[in-house]
1. Leaving out ligands, DNA and RNA, what percent of the accessible area of segment 216-264 is carbon and sulfur, probe 1.4 Å?
2. If I stretch the segment between Glu42 and Lys111 completely, what's the gain in nm (0.36 nm per residue apart, minus their alpha carbon distance), one decimal?
3. Output the antiparallel fraction of DSSP beta bridges having both residues in the chain, as a percent to the nearest 5.
4. Per residue of the chain, what 222 nm ellipticity follows from adding -39500 (n - 2.57) for every DSSP H run with n ≥ 4, rounded to the nearest 500?
5. Provide the per residue accessible area, probe 1.4 Å, for the chain, rounded to a whole number of square angstrom.
6. Residue separation times 0.36 nm, minus the C-alpha to C-alpha distance between Asp176 and Ala71: what's the value?
7. In nm², what is the average projected area of the convex hull enclosing the Cα atoms of segment 41-121?
8. To the nearest 10 square angstrom, how much accessible area does Asp176 have with a 1.4 angstrom probe?
Amino acid sequence: MEKFYAVIGDPIAHSMSPVMHNDLFQYYEMDAHYLPLHIQSENLSDAIKGLRACGIAGFNVTVPHKETIMAYLDELDPLAEAIGAVNTVIHRDGKLIGYNTDGTGFLRGLKNHQPQFSESKILVVGAGGAAKAIVYALAQASVSHITIANRTVNRAAQLIADCPYDVDMRALTLDDAAHKLDEYDCIIQTTSIGMSPRMNEKPLNLNLMREDVFVSDIIYNPFETAFLAEAKAKGARVQNGLEMFVYQGALAFELWTSQMPDTERMRRNVEQQLGGNYVNR
């Protein structure tokens with residue numbers, strides 16, 4: 001019997017998840033299909049009832065439903081509950097169970113290029129939803145130190161106050177972080193600055209960055225933001241957001257099927273959809 005999966009969001013036409021997951025189902029000869037479902041906020045409750053009733057095997061959740069979806073689920077994974085957002089749901093034994101693979105997906109990609117990241121002094125730029133998922137995953141992995149730099153420092157401080165994991169953390173303004181940049185081994189950019197229409201902007205001054213730093217930007221379209229281009233020009237090793245996207249999808253696929261998929265195949269598929277070259281060195 002064919003199983004079906006989906007991604008729900010508003011908008012949803014831009015999502016690359018259907019092509020990525022349907023390719024995996026075909027590659028592993030699984031009788032399953034993945035659909036994009038455009039669901040507006042006012043229809044979320046009815047949509048979840050419908051998905052539950054028709055026996056959906058699992059689904060992904062994207063903006064603007066990652067937080068509001070939680071009210072309609074039966075159980076939450078502890079990390080998703082701590083983050084306060086869900087991006088993956090499993091329908092198991094009649095229950096809808098919510099997970100968050102964004103932060104853990106980022107860590108899987110980070111490990112490929114910064115294996116000793118837990119010993120690094122890390123600067124996270126931004127304090128929004130993506131930053132929260134990444135910071136909580138880093139804290140759960142017991143990194144030595146995390147600084148969160150944000151335009152509104154109170155928001156960074158609140159993120160730290162809400163974190164349930166005991167890790168050395170501090171909040172700074174972006175200007176203060178720029179003046180202390182030589183202290184950090186790893187810089188993670190989590191804001192939307194660098195995407196259209198702000199493609200020429202950078203969230204942080206990198207003048208004081210060391211050459212041996214690892215710099216990650218969670219944006220993957222464009223493949224190389226102005227922020228990453230400057231970091232690379234200064235000698236840093238860099239990574240765009242493609243691996244985070246691939247691994248969060250791979251971890252969702254594993255939750256649904258108990259099989260970790262071929263992430264290289266997934267990466268090539270997304271690259272082909274974007275028509276670009278993967279930025280990493």
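1. Numbers: 660 of 1480 Å².
Ligands and nucleic acids excluded, carbon and sulfur reach 45 percent.
2. Working: separation 69, 0.36 × 69 = 24.84 nm, distance 3.93 nm.
Residue separation times 0.36 nm, minus the Cα-Cα distance, leaves 20.9 nm.
3. Numbers: 9 of 43 bridges.
Close to 20 percent.
4. On the way: 10 runs with 103 residues, N = 281.
Computed ellipticity for the chain at 222 nm equals -11000 deg cm²/dmol.
5. On the way: 12550 Å² over 281 residues.
With all protein chains present, the chain gives 45 Å² per residue.
6. Values: separation 105, 0.36 × 105 = 37.80 nm, distance 3.82 nm.
That works out to 34.0 nm of additional length.
7. Details: hull surface 25.8 nm².
Seen from a random direction, the Cα hull of segment 41-121 projects 6.5 nm² on average.
8. In the full protein context, Asp176 sits at about 70 Å².
The values are calculated or read from the model by the stated rules, or taken from the named source; none is laboratory data. Values in this document were obtained by computation on a predicted structure and should not be read as measured data. Counting neighbours? That spans all protein chains shown, and the Cβs are built from the backbone with ideal geometry, glycine included. Each accessible area value is taken on the protein alone, full model and side chains, heavy atoms only, with ligands, DNA and RNA left out. Shrake-Rupley method; radii C 1.70, N 1.55, O 1.52, S 1.80 Å.
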